[in-house]
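Student: Mind having a look at this structure? Questions to follow.
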Amino acid sequence: MQHNFVFRHPGNTNSRPGVESQGFTLLEVLLAIAVLGIAVTVVLQLFSANLRTIGASGEYVTAAMRAEMKMREILDEDTLAEGAYTETTYDGYRMDMSVSEVLAERTESLPVRLLEIYLTVHWVQGGKERSLTLKTLKMGKREV
């Protein structure tokens, strides 16, 4: 009397005795590829959104530096006249400036006057117009 013992792996669902599973089914491979594709797509979208944000912040930094330089030029002028001015740079930034006297009734007896300066920088990014505004005050000599 001969006894045949078949040892099966607990996860083996093969119906034939002695045959072990040696790979993945086509369905398992397709599912793994689909999950991997979704994961790669999500990572690439996050990466591209990050690049757009870095580009936008770079434009804001450039606009802020230009606005600060122009504001320093305005503040360095000894005789600053009231009015509105517009200037366009060679690389597409438009700067709108306005100078007006403020608190005239409170400073009329003083030898100085207080000027309010607005400077707005406009630029186009991604088809949309962006802007950044700086505001400051300057004390100047009152002309008699």
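Student: Mind checking which aspartates and glutamates have their Cα closer than 17 Å to the Cα of residue 141? Skip sequence neighbours fewer than 8 apart in that chain.
Tutor: Within the straight-line cut-off, residue 141 pairs with 76, 77, 78, 82, 101, 105, 108, 116.
Student: Note the full-extension length gain between residue 48 and residue 94 as 0.36 nm times their separation in residues minus their Cα-Cα distance, in nm to one decimal. Present the calculation step by step, with values, prior to reporting the outcome.
Tutor: Working: separation 46, 0.36 × 46 = 16.56 nm, distance 2.86 nm.
Length gained between residue 48 and residue 94: 13.7 nm.
Student: Would you list which lysines come within 20 Å of residue 70, measuring only between C-alpha atoms, while excluding same-chain residues fewer than 8 positions from it?
Tutor: 135, 138
Student: Moving on. Rank 102, 88, 74 by how far each Cα sits towards the positive end of the charge dipole of the range 73-114 (+1 on Lys, Arg Cβ; -1 on Asp, Glu Cβ) and give me just the farthest.
Tutor: 102
Student: Please state, to two decimals, what the Cα-based radius of gyration of the range 26-144 comes to when divided by 2.2 N^0.38 Å (N = residues).
Tutor: Numbers: Rg = 24.8 Å, N = 119, 2.2 N^0.38 = 13.5 Å.
For the range 26-144, the normalised Cα radius of gyration comes out at 1.84.
Just so you know, all these numbers are worked out from the coordinates, no wet-lab data involved. Worth saying up front: this structure is predicted, and the values here are computed from it rather than measured. Glycine also receives a Cβ, built like all others from the backbone with ideal geometry; neighbour counts cover every protein chain displayed.
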